[in-house]
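We did not get these values from a lab; they are worked out from the coordinates using the rules stated. Since the structure is predicted, the reported quantities are computational estimates derived from the model, not experimental observations. Neighbour counts are summed over all protein chains in view; Cβ atoms, including those assigned to glycine, are modelled from backbone coordinates with ideal geometry.
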Amino acid sequence: MSRLSTIELFKENLKFSAGHFTIFSSTSRENLHGHNYQLYVAFTTCVNEDGLAFDYRLYKTKLRDLCERIDETVIIPGLCKHLKVSQEGKHHRIIFNDEEMLFLNRDVTILPITNATVEELSHWFIQELTHDVIELASNAIVGIQVKVFSGPGQSGSATWQANNTKAPVTTMFLEEVNE
C-alpha cells in the first residue's frame, strides 16, 4: 500500500508583481492597480519505500519561471467576454465599455482566463502545472492545490486531482507486486 504525503512550497521567491483590474459586469470594473502576489503550492504525492516523494526542485523552477513570466506586467484576461483585445504594432488595445486603454506589448501579459482575479490566477497556475501528465504520473502526483495571495490574509485557490481514484503506482511498487 502506498503512503501519501503533501509537499508544500511557499518560498519567498514564488512571487510576482502585476497590475490588473477586476471586471464586475459589462459596464463596471475596478481602476487599474497592482498587487505584490505570493504563491503557495501543495503537491499530494506517493512516498516511495526510500521515504522520498519526488525531487521537487523541478517544480520550484517551474513555478519561479511562471511567476517571472507575468511579473511586472499588466494581466489582461484574454477570455473575458466584456473586453475587446487587439494587438496593433507595438501596442495592445484594450476596449471595455467604450473605454480604450493602450499598453506597450512588453507591459502586458494576456492570459487564457476570464477575469484578472486571484481565483482565476490560481486556476491558470494549475493548468500550467498539469500539462505534462506523464511527468505528473512519474512523480506520483495525485493532487495539487494552488493559492494566489494578493496580500496578507487574502487569497484565491484552485485544486486539481488525478482522474483515477487510485494513487499512481511507481515502477518500484509494480515490480514488487509482480514478483
Can you compute the modelled spin-label distance between residue 161 and residue 61, with each label point 7 Å from Cα toward Cβ, in nm? 3.1
At most 14 other Cβ atoms within 10 Å and a DSSP loop assignment: could you name the trypsin sites (Lys or Arg not before Pro) in the range 17-101 that fit? 81, 90
The chain: calculated mean residue ellipticity at 222 nm from DSSP helix runs of at least 4, using -39500 (n - 2.57): -6500 deg cm²/dmol
The chain: longest stretch without exposed chymotrypsin sites (Phe, Trp or Tyr not before Pro) (DSSP loop, at most 13 other Cβ within 10 Å), sites themselves excluded? 25-179
Angle between the chain longest axis and helix 118-129 axis [Cα atoms, degrees, rounded to 10]: 50
7 Å from Cα along Cα→Cβ at both residue 12 and residue 131: what's the point-to-point distance in nm? 3.0
Among all the lysines, which ones have a C-alpha under 25 Å from residue 15's C-alpha, if same-chain residues fewer than 8 places away are not counted? 60, 62, 147
Using amide H atoms built 1.01 Å from N in the peptide plane, name the residues 5+ places from residue 109, or on other chains, whose amide H lies under 5 Å from its own. 74, 75, 76
Counting only DSSP beta bridges with both residues in the chain, tell me the antiparallel percent, nearest 5. 90
C-alpha long axis of helix 57-70 to longest principal axis of the chain, angle in °: 10
With +1 on the Cβ of every Lys and Arg and -1 on the Cβ of every Asp and Glu, and nothing else charged, how large is the dipole of the range 14-153 about its Cα centre, in debye rounded to the nearest 20? 200
Can you sort 33, 82 by how many other beta carbons sit within 10 Å, fewest first? 33, 82
Given unit charges at Cβ for Lys, Arg (+) and Asp, Glu (-), the dipole magnitude of the range 26-98 about its Cα centre in debye, nearest 20, is 360
